[in-house]
1. How large is the dipole of the chain about the Cα centre if only Lys and Arg carry +1 and Asp and Glu carry -1, each at its Cβ, rounded to the nearest 20 debye?
2. Give me the one-decimal nm value for the distance between modelled label points at E437 and R48, 7 Å along each residue's Cα-to-Cβ direction.
3. Using alpha-carbon positions, what is the distance between the centroids of segment 283-308 and segment 155-215, in Å?
4. Regarding segment 52-169, what is the average projected area of its C-alpha convex hull, in nm²?
5. For helix 183-196, what angle does its Cα long axis make with the longest principal axis of the chain, in degrees from 0 to 90 and rounded to 10?
6. When the label point is put 7 Å from the Cα of L170 along its Cα-to-beta-carbon vector, which residues of segment 421-440 have a backbone N closer than 14 Å?
7. Roughly what angle does helix 35-47 make with the longest principal axis of the chain, taking Cα atoms, 0 to 90 degrees, to the nearest 10?
8. Which lysines have a Cα less than 27 Å from the Cα of K47, not counting those fewer than 8 places away in the same chain?
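The values are calculated or read from the model by the stated rules, or taken from the named source; none is laboratory data. Predicted, not measured: the structure shown is a model, and the values here were computed from it. All Cβ positions, glycine included, derive from the backbone under ideal geometry; neighbour counts span all protein chains shown. To get the accessible areas, we keep the full protein, side chains included, count just its heavy atoms, and leave off ligands, DNA and RNA. Shrake-Rupley method; radii C 1.70, N 1.55, O 1.52, S 1.80 Å.
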Amino acid sequence: MKRSLWLQEVSADLTDGNALDRDLHVDIAIIGGGFVGLWTALQILEKRPATQIAIVEQDVCGGGASGRNGGFVMSWWPKIRSLSAICGPGEALRLVQASEQAIDDIDAFCRRHAIDAHFRRAGWLWTATTPAQHGAWLDVQQLAERLGHPTFVPLPAEEVARRSGSPQHLQGVIETGNATVQPARLARGLRRVALENGVRIFEHSPVRRIERGQPARLITPGGTLSADKVVIASNAWAVSVPELARSVLPVTSTLLATPPIPERLTAIGWTGGEAITDSQLLVDYYRTTRDHRIVFGKGTGRFGFNSRIDAGFDDDPALNALTESDFRRVYPTLADVAVEHSWSGPIDRSYDSLPLFGRLPDAPHLVYGIGWSGNGVGPSRIGAQILSSLALDLDDAWSRCPLVGRAVRQFPPEPFRYLGGKLVRAAVLRKEAAEAERRPAAGLDRLLSRLAPAGLEDKG
């Protein structure tokens with residue numbers, strides 16, 4: 001498996017994990033040792049400290065999406081329109097404000113537990129890099145203002161270009177409360193704190209089969225973990241659960257990293273640490289690091305037949321080239337800067353790019369939280385509140401949240417999902433390539449692109 005830059009930086013911490021090698025019973029078992037699973041374990045202990053918890057992880061904690069993402073710690077403000085449609089304005093505002101609080105909580109958690117996750121609150125620029133993207137944020141910006149929260153601050157075009165280090169950025173707004181982290185450091189720090197609080201963690205322990213009796217039994221190569229309740233927090237790999245297989249689609253996101261280039265960042269003016277995205281559907285997202293690299297990502301959107309996650313989800317030369325092409329377009333003055341690292345990872349993309357929570361219909365002691373769609377670093381804290389309340393059978397605002405048990409648009413069955421998805425993805429790529437070259441996109445490509453799932457932001 002090809003490791004991300006983030007995981008390579010913490011490689012010395014990846015060797016002390018133990019696999020499940022016996023039969024064990026606990027109160028609550030969690031499948032998945034990423035942000036969702038780890039935060040959920042800690043939230044359960046806050047709500048009911050005597051609970052016996054075990055986490056089983058097929059790789060290492062943070063080895064999945066939690067250690068491969070761009071490290072953007074974002075709120076749910078860009079999804080306020082979708083949240084309002086699902087939850088109503090009042091509950092949507094509560095959830096968005098909770099997502100803002102989650103950013104503060106992550107900062108405080110890292111300080112309290114001495115986790116050097118490189119937390120930096122420098123804001124997030126939502127930009128247009130082509131005329132076709134102009135004003136993509138206006139609907140969301142105006143809705144936030146009607147709710148009494150002028151969250152998205154418009155910037156003059158020259159300010160957007162200056163702060164982003166490239167005149168390719170034509171317009172933009174900033175959400176000042178957002179942050180960045182080194183995500184693998186955060187994941188490994190969460191693991192340490194969970195272990196210190198008595199959570200049993202078994203890495204290199206893939207769940208081969210779930211037996212849904214009472215108690216449920218998780219069958220791994222080395223042993224069986226039985227539990228009264230099970231939390232499914234395996235993100236893209238949750239498609240192995242039949243009831244969830246069409247609710248999310250595992251797709252790739254691909255990242256590259258430059259060497260440290262402090263002088264070049266100073267020369268282009270990108271010194272404020274802002275996280276940046278453009279307004280493509282196959283979005284570009286990028287940030288700088290503490291050691292002055294650029295990490296540049298793209299939602300490359302590769303997927304497999306029947307949602308199979310194969311080796312190409314770790315590394316694919318074609319996806320690397322597609323991502324580098326966008327990097328060179330956005331930062332032409334850095335044409336001579338090498339790409340030192342590249343990697344990919346699976347995202348559990350839901351149709352509306354918001355997560356889904358609930359209980360399996362025939363096994364209500366199995367609860368799930370999936371569909372993070374590339375924005376899980378901050379909202380996973382909210383997910384942990386919801387999942388912990390569901391797992392503990394609490395009747396509270398989290399277990400009653402409208403994101404729980406909601407009806408969601410499902411992806412088509414195979415082979416229509418694969419064949420239709422390939423057609424739509426190719427159309428989106430052609431459309432956005434034409435827009436980047438300032439030429440009209442073909443009418444059929446524009447039409448097919450409208451069939452794609454919603455993006456990470458509710459674009460106008």
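1. The dipole of the chain has a size of about 640 debye.
2. For the pair E437/R48, the computed spacing is 6.0 nm.
3. 12
4. 10.9
5. In the chain, helix 183-196 runs at an angle near 20 degrees to the longest axis.
6. 432-440
7. 50
8. Qualifying lysines at Cα under 27 Å: K229.
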